[in-house]
Structures are given as structure tokens and as C-alpha cells.
1. Look at segment 254-304 and say how many of its residues are in a helix (DSSP H, G or I) and not aliphatic (A, V, I, L, M).
2. Kindly list the number of the only condition in (1) in contact with a Pro (Cβ under 6 Å, 6 or more places away or on another chain); (2) at pLDDT 90 or above; (3) buried (at least 18 other Cβ atoms within 10 Å of the Cβ) that fails for residue 318.
3. For residue 307, work out the one condition from (1) outside any strand (DSSP E or B); (2) at pLDDT below 90; (3) more than 30 Å from residue 210 (Cβ to Cβ) it doesn't fulfil.
4. Looking only at segment 188-225, filter to residues that are in contact (Cβ under 8 Å) with a residue 60 or more places away in the chain and more than 18 Å from residue 250 (Cβ to Cβ); which one of those is surrounded by the fewest Cβ atoms within 10 Å (Cβ to Cβ)?
5. Condition first: in a strand (DSSP E or B), within 30 Å of residue 96 (Cα to Cα) and out of contact with any His (no Cβ under 8 Å at 6 or more places or on another chain). Can you find one or more residues in segment 149-161 that meet it?
6. Identify the residue in segment 226-252 that is small (Gly, Ala, Ser) and surrounded by 18 or more Cβ atoms within 10 Å (Cβ to Cβ) and, among all such residues, is modelled with the lowest pLDDT.
7. Is it the case that residue 251 is within 21 Å of residue 201 (Cβ to Cβ), assigned to a helix (DSSP H, G or I) and out of contact with any helix residue (DSSP H, G or I) (no Cβ under 7 Å at 6 or more places or on another chain)?
8. Picking from 188, 215, which residue would you name as being in a loop (DSSP other than H, G, I, E, B) and among the small types (Gly, Ala, Ser)?
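The values are calculated or read from the model by the stated rules, or taken from the named source; none is laboratory data. Quick caveat: nothing in here was measured; it's all calculated off a predicted structure. Note that each Cβ is placed from the backbone with ideal geometry, even for glycine, and that neighbours are counted across all protein chains shown.
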Amino acid sequence: MRQTAERGVPQQEHFAGTLNPLTDWDAARIFLEVVRRGSFRSAAERLGQSINLVRRRIDDFERQIGATLFTRDVHGTRLTDEGALVVSAVERMEAASFDLLRARSSVTQTLSGEVRVAITEGLGTFWLAPRLVEFQQAYPSILVDLHCAMRSADVQRHEADVAIQLLRPTALDTKMVKLGRMHVMFFASEKYIETFGAPKTYQELIRHRIVMQFADQTGAKEIFDSWFPGIPQQDLLVMRTNVSSANYWAVLKGAGIGLLPTYASSLGSKIVPLETDLRRSFDIWLSYHPDSNRIPRVRRMIDWIVESFSPVKFPWFRDEFIHPNDLKDVYKGEPLIKQFEGFSS
């Protein structure tokens, strides 16, 4: 009789009746990450937690919900019907939490507080960070949380207030601005050239020692396969790295020749651009949530970043390629910060 009475009740109401009060909101966030990443291992890597901890938190979450949310097998995780209902609810909860965070930020209309800026490691380390003193002098009450990494930050999910990346943002509700274009080409240190010479032709280049950065947003594998078809990496590369700073140091210390932005030699470092035709360009994109534009401290940071990448002021960010040897004749601004100076010893 009881079964007959329940047949006409929608599945959502059956499920809702089994819910216990939710006390662990962080477990809900971890559950959503597992859904989006497709496996416990991938979610654990994204969250910076151990896979065993993620599994325990999901087990706890299932006990709180009172239902099995995943089936597990060798191929990964698969949502149950109950899990699919929970995903929708948790996504609404996530969106509401982001709205709350933005509302909290909007309440404070003074130019103080924290602004989180996510940027690629090379641009953050070698271009933006040394220039932040200008922003700090103008706005001493704003704390800048500068996160330098090659993984794109999701401003829609509040991973950062402002993101600067080399891949065009794809989220529909994200505001984006093209800041400029970064041109990279082969450089070598003076020490390397004294020892091995400077290659001028393609045939000379493939007889030299090359270092490259392989990371998200660099397109290094595609570049290598396009420029050096049929040549195994181990026959040409002497070093691979995942960060721009290590790549720069390897070039500067003479480990090999490598790809660096054209502005590198304009900042005081003793490295020499090589006369080869191989070069690559990357558009530089700024993205932010539409609501962030109404927060004064974030708006100030956005304006300052746009100015810091101005192609008019800094010609190496123009769409057209300008050889480093010609930049001194084109750049008319004040002397740049010599952030590389002293590194060549």
C-alpha cells in the first residue's frame, strides 16, 4: 500500500525527503570538482589534495546526502541519477556563493582590500611584478595577490578577480580585453655565442643546443613539431622546463639558446637576439567577471594593467613584430626597470 501511494510522487520529492541538514559545504565543492574533472585523481590534482582525502570527503558527502552519488570503475566515475540531481543543486549553491562574495566586495567602496590577479608565469615574473611598485605607490591600501601560473584561472568561478592569459577566454559571461601581442624569438647569452657561435640559418640552428618551455598556453609541442619536423626532441633539446624563469636562466647562463619575448633584451639583460626567421606571436588577453568592474579597487587594477600593456607606450606589445635591435628607436618612454640587471654574472 505504501508503495502504491508513493508511485505518483516525483523522483525529486522522494530524494528530497531523504536529505539531512548539510553541514559540510566544502565537501559539496569537492563533489562538484570530481564531477567536472571526471575522476578522483584529476580532482585531487586540481584541488592540491591527496586522492585518499578526496575519496573520504566524497564518502562523507554521500552519507550527509543519504544517497550514492557515484559509481566507480576502472574508467573513472559515473554519476547516478541521484548524483545528477545533487549536481544541479550544488551548482546553484556555488553561483549563489560567488554572488555573495561579489556583493561583499561591492559594499566596500573605498580603495582598499585585496585584488587577486592571475597571470602567466613569465609575464607575471618578468613584466608585471617589477612594475607593481607603481601601483602600490598610487594605492598603498590595496593588497595585490599575484598568482603566476601557466594554467588559466576561471574568473567566473572566482578563482581570480582579474586574469591575464595567452589563450582567448571562452566563457560567454566573461568580459575580455585584448591587451596586446607578445612576440617570442630565439635568444642566446653572450657567453654562449662566444663558445658556440650564433646560428643564422636553419641548418646552423639545428646543430645548436636548444632549451624550451613546455607548459599550458605555450604551445611548445606544436611549435617544435612545426619548426623541426621529423627531428626527435632528444636529438635537439638539451633541456625542457615548465616555467619561464627556469627557461630564462638556462638561456642566460649559456645552457643553450631559447625562445624569449622580444622585450627581454630591452630590460637590461645581457642576452642577444638571434638572426633567424623562426618566431611566434601570442595574443595577451585580460578577463574579469562583469560585476568586478563595479568594485573600485578591481577597476583601478584593470585600468593599470591595460596601461601596463599599452602597445602605444610599449611597442614590443604591438601586433606587428619589431626586432629587438629596433626597439630602442621606437620606444620613447621613461627608462624601464632593470629587473634582469645583475643576473648575468
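1. Here is the first cut: in segment 254-304, the ones in a helix (DSSP H, G or I) are 262-266, 290-294, 296-304.
Filter again for not aliphatic (A, V, I, L, M), leaving 262-263, 265-266, 290-294, 296-297, 299-300, 303-304.
Matching residues across segment 254-304 total 15.
2. (3)
3. Unmet for residue 307, out of (1) outside any strand (DSSP E or B); (2) at pLDDT below 90; (3) more than 30 Å from residue 210 (Cβ to Cβ): (2).
4. Among residues in segment 188-225 that are in contact (Cβ under 8 Å) with a residue 60 or more places away in the chain and more than 18 Å from residue 250 (Cβ to Cβ), the one surrounded by the fewest Cβ atoms within 10 Å (Cβ to Cβ) is 201.
5. Initially, segment 149-161 is screened for residues in a strand (DSSP E or B), giving none.
No, segment 149-161 has no match at all.
6. In this case the residue turns out to be 244.
7. Numbers: within 21 Å of residue 201 (Cβ to Cβ): yes; assigned to a helix (DSSP H, G or I): yes; out of contact with any helix residue (DSSP H, G or I) (no Cβ under 7 Å at 6 or more places or on another chain): yes.
Yes.
8. On the way: 188 fails: in a loop (DSSP other than H, G, I, E, B).
Only one candidate qualifies: 215.
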